[in-house]
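First the structure, in the form of structure tokens, and then the observations on it.
Values quoted throughout were computed directly from the atomic coordinates according to the rules given, and no laboratory measurement underlies them. A quick note: this is a predicted structure, and the numbers were derived from the prediction, not measured. Note that each Cβ is placed from the backbone with ideal geometry, even for glycine, and that neighbours are counted across all protein chains shown.
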Amino acid sequence: MKILEERIIKDGIVKEGNVLKVDSFLNHQMDVELFHEMGMEWKRLFADKPINKILTIEASGIGIACVAAECFHVPVVFAKKAQSINLDGEMYTSKVESFTKKKVYDIIVSKKFLGPDDHILIIDDFLANGCAVMGLIDLINASGATLEGVGIAIEKGFQKGGAEIRAKGIPLASLAIVDSMDAATGKITFGTR
């Protein structure tokens, strides 16, 4: 998606450790008009799928998922990273390791919100090693729901996540695929899959 790639070039900052900082428009301050363009692109790419819910993980995926859900006219369910007193009843849980935080989380979704009648599109901001997506797929599988595909804003194509998801035959629509980035020069190159 050219508009997203251009925005990454303009405002993204490459940091040591394969970190791409896009907090000025994607995951701290949010450009909702850009999110709408992304949501419409996912709607086009998954037009043939009977999606009735979007699933994401807190926190950075929530904004993108909400705007995408508006394009699909479906609700968003987000996996929580911590148990709270507001969560009651039976839960689906999985473990997820965060690439940027270097921490393992238990992710949780109430059984009230995922079930065998659901056709799920996963939406998230980044795909690196694929841990978050695989954790969400675990929740979908446990619920008996159908995974219709995965929509990612930015995929780090030089890390294993995208290849592993595609190898499983899961439809994956990454709107920008970063093939390489250099912290010393700030240079970012994009590719396709």
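So what's the net charge close to residue 79: Lys and Arg +1, Asp and Glu -1, counting the other residues with Cβ under 13 Å from its Cβ? In short, +1.
How large is the Rg to Rh ratio of region 121-185 when both quantities use alpha carbon positions and Rh follows Kirkwood? Walk me through the intermediate numbers first.
Details: Rg = 12.5 Å, Rh = 12.2 Å.
In region 121-185, Rg relative to Rh is 1.02.
In the chain, the longest principal axis of the Cα atoms and the axis of helix 131-143 are about 20 degrees apart. The stretch between residue 70 and residue 168 holds 32.4 nm of extra length on full extension. This uses 0.36 nm per residue minus the Cα-Cα distance. Counting Lys +1, Arg +1, Asp -1, Glu -1, what net charge surrounds residue 185 among other residues with beta carbon under 13 Å of its beta carbon? Around residue 185, the surrounding residues sum to 0.
For residue 170, what charge total do you get from the other residues with a beta carbon under 10 Å from its beta carbon, if Lys and Arg give +1 and Asp and Glu give -1?
Values: positive: 166, 168; negative: 148, 164.
With Lys, Arg at +1 and Asp, Glu at -1, the neighbours total 0.
The length gained by stretching the chain between residue 112 and residue 180 to full extension, at 0.36 nm per residue less their Cα-Cα distance, is 20.4 nm. Seen against the Cα atoms of the chain and their longest principal axis, helix 32-45 is set at about 70 degrees.
If each DSSP helix of 4+ residues adds -39,500 (n - 2.57) and the sum is divided by the residues in the chain, what number results at 222 nm, nearest 500 deg cm²/dmol? Present the calculation step by step, with values, prior to reporting the outcome.
Numbers: 5 runs with 57 residues, N = 193.
About -9000 deg cm²/dmol.
Between helix 60-72 and the chain there is an angle of about 70 degrees, using the helix long axis and the longest principal axis of the Cα atoms.
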